[in-house]
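Notes for the one structure printed next.
The values are calculated or read from the model by the stated rules, or taken from the named source; none is laboratory data. Only a predicted model underlies this, so the values are computations on that prediction, with no experimental measurement involved. Using ideal geometry, Cβ is built from the backbone for each residue, glycine included, and neighbour counts are taken over all protein chains shown. Keep in mind that these areas ignore ligands, DNA and RNA; they rest on the heavy atoms of the full protein, side chains included. Shrake-Rupley method; radii C 1.70, N 1.55, O 1.52, S 1.80 Å.
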Amino acid sequence: MSTRTAKPLLARKHPDKFVGRDAELDRLYLRAVSDMGSGSIHLSGRAGTGTSELLRQLYDRLFFEQRFVVPFYYSLNSRDATAYTATANYLYQFVLQAIAFRRQEPGLIASAPDICELETLSPINDVDWISRLCKACKNEGPLNDERSFIRSSLSAPFRASFAGGFRAFVIVDDLHQSVNLENGRVFVDEMVNIAGRSGTQIVLGSRSRYSMKSIAEQRIDVERLDRKSFVDLAATAAADRGVDMNEQSRDLVALKFAGRPRLLESFLEAATSKRVALQSYREVERLYSKELLEGGLGTYFDDNFARAASEPILRQKLYEALYHTIGNGNERFRLETLRERLGVRPDIFGRMIDILSVDEVLDVNTGAAQVSDDEILRDFLIARHRASTNIGSLAVTAAQTVTNALKRAPKLVASDYRRGAALGMTELLLDFDMQRVPRSLLDYRLFRENLKGLSASEARSQIAKEGEQMTLPLVAHAAPIVDHLPEFGEPTEPDRAVIAVGFADRSYSDESEIVWFAAEIDSKLEADYSLTREWVDRLDTVADKLGYSEHKIWLIAPEGFSDGALDLLAEQGGFGSSRKQAQLLREFLHGGSPAKSEAYEYEIVIPIGEETELIAVHAFEEIARKYAFPPKAVNQIKTALVEACINAAEHSLSPDGKIKQRFSVDEEKVVIIVSNRGMRLTDRMPIRPEAEGDDKRRGWGLGLIRSLMDEVRIESVDDGTQITMVKLIKPSA
Amino acid sequence: MDGDVPMNAASEGASKQAVVYATDYLNKLSGEKIERECKTRLQEGCDELILNFSQTELVNSVGVSILLGIIDSAAVRGARVVFSDVKEDTVELFDMLGVTKHVSLRES
C-alpha cells in the first residue's frame, strides 16, 4: 500500500484507508509505468464493489509518484446526455489533467479553468500540442460529422503523447453509463477500437454486466472484497467517522453490505450525521430501515430505478411488479409479460431492461428475468411496496421493516458462522488432483480402526506408514450444488454441499469422466442409517435432475458414521468420513505438514487495584500450562506482564479503572496486548534525566519488558496506551 | 502468590545478623513490609541483613527499587546485605537491573 501523505486528488479516500485492493492496484500501476509497451485492460466489477475508486486511486498514484507517464482519468456520466457532449468533456478533461500533471499542480484540476485560460497555462514545451487540442475543444460543433469528431477526440491523448514526447495512460471508467447517453454506444465502440490498436495503453472500466466487444489484452474481474477485508473496512470507516460501533454490530454491518463499500459508507455516513451509535443489532436495523425508507440507501436504489423509468407512475408500477415477483418465490418471469404490465413501448422497455440489468436489479437471460439475489434490493422493494400500501403511515412501514430486519439479523450472522466453520469442500475437492492418499483418510471404518483416538502427531506418523492407498480423481470443476440447482439452498449452507466434475485418470476421455457429490452434514454422534439415507436420496435426486446418472457420494459428518450408514454408502460406491479425517486429508494433500494453526485468543479484563495483576498472571499460567510453554519463558512473560499492568495502573489515570489483556497463542509465539484507557504514555511526563535517589530507581518497567520479550511495541491509541509484547516459544527440551 | 503464605516479612536472629523472608511476590506492598522490617533491624544494630528469597516466585520492578533502597540504608549504617536462596530467574532479573553488583548471593 502506498504511504503517500498528499491529499487524494480524484480518489475519494486517502490511499492508507483504501483497504483490500493492494494487489490489483500494484498490478495496474506496474503495467502503467513499466516499459511493457501497449496493451489495454478491461476492468469490470459488480455494482458498488469499488472498481471506480480503484481506478481513481491508480490515477492519484500515477500523478504523485512518477513523472514519466501522463495519467488521464475520465468517467462516463449520464449527465452528459449525449455521446458528443461526453466526448467534448473527455477532450477538455485530458487537456486539463495533462497540464496539471506537467505543471505538477494538482489544484488546477479542481479549479476547472475554461479552455482559453488553460491554453495560457501550458508549459512551454507542450504549447504546440495543447494549442491544437484547445482549438478542437473550442469548436462549437464537430468539424466533419459526429462520429469523426468522437473518434478523433478519443484518440487525442495518443496523438498528443506522440507530439509531446511522453507516454499517456488513459483510464476510461463507467462505460456502462453509455446506456444512459444518446448514441452512447458510439462512444464505447470508438473507445474500444482505439484500445485495440497497438501503441495505446488504456484501462476500460465498467460494470460486470455490461457487455462490450472483447478488446482487451487482459480482463480483470474485480471480486467483491473478502469477508475479512470488508470487516476491516467497516471498522476503519466507522472509526474515521467517529461512529460508535461494537464488534457484533460491525460484523452484522459487514454482512449486510457484503463487499459493497459504497453502500456501507453511505450507511455509516448516516450514522454520523444522525449521531446514531451502533452498539446493538436493534440500533443497526433501525438505522438501516430508516435509510431504506427515507435515507441514502433508498435514494441509491431510487436513482437506479429513476434512470430506468424516469416517470414516477411508471416507476411505482415497476416497483410493484418486481415486489410481487419476489413475493412469489422470486421465480423467473417473461420480459414481455412485464412490458405488457407496465404498458410501455418496446424500444423504451428495452432501454429500461438494459439499465436494470447493468445496475444489477434484474438478472436477464433470453427473454426472461428475475430480481437479483440482493437482500438490500429486496428490502427496498418491500419497503417501497409497504410505503405505497400504508399510505400516510410511514411509522407503520418503518415498524414492519425494522422488525423484519431484526428477525433476520441473528439468522444472517448464524449463517455466516456456519460458513466460517465449514470445511471448504470446493477447495478440498479441487486439491484432489490425482493424488495417492491412504484410504483411511476417506473411509471412516478404516479411520476408526487405525487412527481414531490417536493424537494429531501419532495419527500423522501412522498415516505415513499406511499401506492401503487410493487415487483421488482430478477435479476439473467444483461448485456448490445451489449454483447448479438454486432450490437446493435449504437447509444446508452453499459451501457445505458441492458437485465436483472431473476425470478418474489423465486420459481425459468420456469413459474416465466422474462426478462426485460431496456434503458436510450435521450429527452430534456418528451419523446413523436414516440420516445417511435421507442425504443419499437427496443427492441422488439432485443428480437425476442434473442428468448425472453415474456419480459418487461423499458425506462428511463431525463424528463419522455408524456401521449401517457406512454399509449404505459402500453399496453406492461412496464414502463416509469424519470431520477429523477431512482435516487430515487436506493436510495430506498439502504435503503432509499440519496446516498452520490459527492463533487461539484469550482475553481477560482486570480492575486496577492492589495486586490484581496477579489475576492476569494466574490466567497466563493456565494458558502456558495448556500449551506446555518452557518454564523460563513463562517466568519472563509473567514478569513482563506484571510490569505492563503496573505501568497501566500507575500512570494512566484510567477513567474506567480497567486493564485489558489479550493473549494470542500459536505454535511459534505468544502475543500479549495490554491496553488501558486514560493518559497516553506519550502524554505523560518523562522521567527526569537528572533524577536522583528514589526517583532514579523507578521507570525501569518498559526497559525490563524489552529485555524479557522478543518484540515490544508501545502505541498511543486515541484514548490510552496499548503495549504489544511478543515472545517466541521454543519447545521445551 | 499462594494465599497461604503470610505477607508479613518475617525475621529471626540476634544482634549482629538478621534474616528477613521475602514473600512469594515481591512488589510494592510486600517490599515496603520488608523495608520496614530491615530498617528496624538496622536500628537495632544489625550489621548483616540476609534477605531470604526461597519463597519468592515473582518480582516486579517496584519491589526491586525498594530492595535498592534497603541496600542504600544498610550501606549508610555500615551493614552488608546478602540475598539468599534466590531462584535462577530472579537472579537474572536482579542482574538486569544491576542489583547483584551491590549484594552477595548465597545459598542457605
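The C-beta contact set for the stretch A:108-132 (first residue more than 11 Å from residue A:97 (Cα to Cα) and touching a residue at least 24 places away in the same chain (Cβ under 8 Å), second residue of a type in the set (Gly, Ala, Ser) and assigned to a helix (DSSP H, G or I), distance under 6 angstrom, 6+ apart or interchain) comprises A:126/A:164; A:129/A:160; A:129/A:163; A:129/A:164.
Sort out which residues of the stretch A:632-663 are free of Cβ contacts under 8 Å to residues at least 24 places away in the same chain and assigned to a helix (DSSP H, G or I), and write them in order of number. Outline the logic, then answer.
First, pick out the residues of the stretch A:632-663 that are free of Cβ contacts under 8 Å to residues at least 24 places away in the same chain: A:632, A:634-635, A:638, A:650, A:655-656.
Residues satisfying the conditions are A:632, A:634, A:635, A:638, A:650.
Sort out which residues of the stretch B:58-86 are part of a helix (DSSP H, G or I) and either open to solvent by 30 Å² or more (accessible area, probe 1.4 Å) or more than 8 Å from every other protein chain (Cβ to nearest Cβ) (or both), and write them in order of number. Selection gives B:63, B:66, B:67, B:70, B:71, B:72, B:73, B:74, B:75, B:76. Would you confirm whether any residue within the stretch A:61-75 is at pLDDT 90 or above, open to solvent by less than 20 Å² (accessible area, probe 1.4 Å) and in a helix (DSSP H, G or I)? Yes: one or more hits.
Looking at A:621, A:667, A:643, just one residue is open to solvent by 40 Å² or more (accessible area, probe 1.4 Å) and within 13 Å of chain B (Cβ to nearest Cβ), and that residue is A:621.
Take the conditions (1) surrounded by 14 or more Cβ atoms within 10 Å (Cβ to Cβ); (2) away from every other protein chain (no Cβ under 14 Å); (3) at pLDDT 85 or above; residue A:601 misses just one of them, which is (1). When residue A:537 is tested against (1) touching a Leu at 6+ places or on another chain (Cβ under 9 Å); (2) in a helix (DSSP H, G or I); (3) open to solvent by 20 Å² or more (accessible area, probe 1.4 Å), only condition (1) is not met. Pairs linking a residue in the stretch A:288-306 that is under 15 Å from residue A:48 (Cα atoms) to a residue that is surrounded by 24 or more Cβ atoms within 10 Å (Cβ to Cβ) and among the β-branched types (Val, Ile, Thr), with Cβ atoms under 7 Å and 6 or more positions apart or on different chains, are A:304/A:361. When restricted to residues that are within 19 Å of residue A:602 (Cα to Cα), in contact with a Ser or Thr (Cβ under 9 Å, 6 or more places away or on another chain) and small (Gly, Ala, Ser), the stretch A:641-679 contains 1. Annotation: of all residues in the stretch A:365-416 being of a type in the set (Ser, Thr, Tyr) and more than 22 Å from the chain's Cα centre (by Cα), the one that is surrounded by the fewest Cβ atoms within 10 Å (Cβ to Cβ) is A:366.
Filtering the stretch B:87-108 to residues that are without any contact (Cβ under 8 Å) to a residue 12 or more places away in the chain, within 12 Å of another protein chain (Cβ to nearest Cβ) and open to solvent by 40 Å² or more (accessible area, probe 1.4 Å) leaves B:88, B:89, B:92, B:95, B:96. Looking at B:36, B:41, just one residue is more than 14 Å from every other protein chain (Cβ to nearest Cβ) and either touching a strand residue (DSSP E or B) at 6+ places or on another chain (Cβ under 8 Å) or outside any helix (DSSP H, G or I) (or both), and that residue is B:41. From the list A:48, A:37, the lone residue that is at pLDDT below 90, closer than 23 Å to residue A:359 by Cα and assigned to a loop (DSSP other than H, G, I, E, B) is A:48. Of note, residue A:573 does not satisfy the criterion of being assigned to a loop (DSSP other than H, G, I, E, B), outside the structural domain of residue A:460 (by TED's automatic domain parsing) and open to solvent by 20 Å² or more (accessible area, probe 1.4 Å).
With respect to residue A:557, is the statement that it is surrounded by fewer than 16 Cβ atoms within 10 Å (Cβ to Cβ), of a type outside the set (D, E, K, R) and without any contact (Cβ under 8 Å) to a residue 60 or more places away in the chain true? No, not satisfied. Listed by first and then second residue, the pairs with beta-carbon distance under 6 Å, at least 6 apart or on different chains, first residue in the stretch B:26-47 and in contact (Cβ under 8 Å) with a residue 12 or more places away in the chain, second among the hydroxyl-bearing types (Ser, Thr, Tyr) and part of a helix (DSSP H, G or I), form an empty list.
The lone criterion from (1) touching a residue at least 24 places away in the same chain (Cβ under 8 Å); (2) within 26 Å of the chain's Cα centre (by Cα); (3) open to solvent by 40 Å² or more (accessible area, probe 1.4 Å); (4) under 24 Å from residue A:28 (Cα atoms) left unmet by residue A:240 is number (4).
Is there a residue being in contact with a strand residue (DSSP E or B) (Cβ under 7 Å, 6 or more places away or on another chain), of a type outside the set (S, T, N, Q), open to solvent by 60 Å² or more (accessible area, probe 1.4 Å) and closer than 20 Å to residue A:517 by Cβ anywhere in the stretch A:449-471? No, because not a single residue in the stretch A:449-471 is in contact with a strand residue (DSSP E or B) (Cβ under 7 Å, 6 or more places away or on another chain), of a type outside the set (S, T, N, Q), open to solvent by 60 Å² or more (accessible area, probe 1.4 Å) and closer than 20 Å to residue A:517 by Cβ.
Can you tell me which residue within the stretch A:611-631, out of those that are over 21 Å from residue A:704 (Cβ atoms) and in a loop (DSSP other than H, G, I, E, B), is farthest from the chain's Cα centre (by Cα)? It comes out as A:628.
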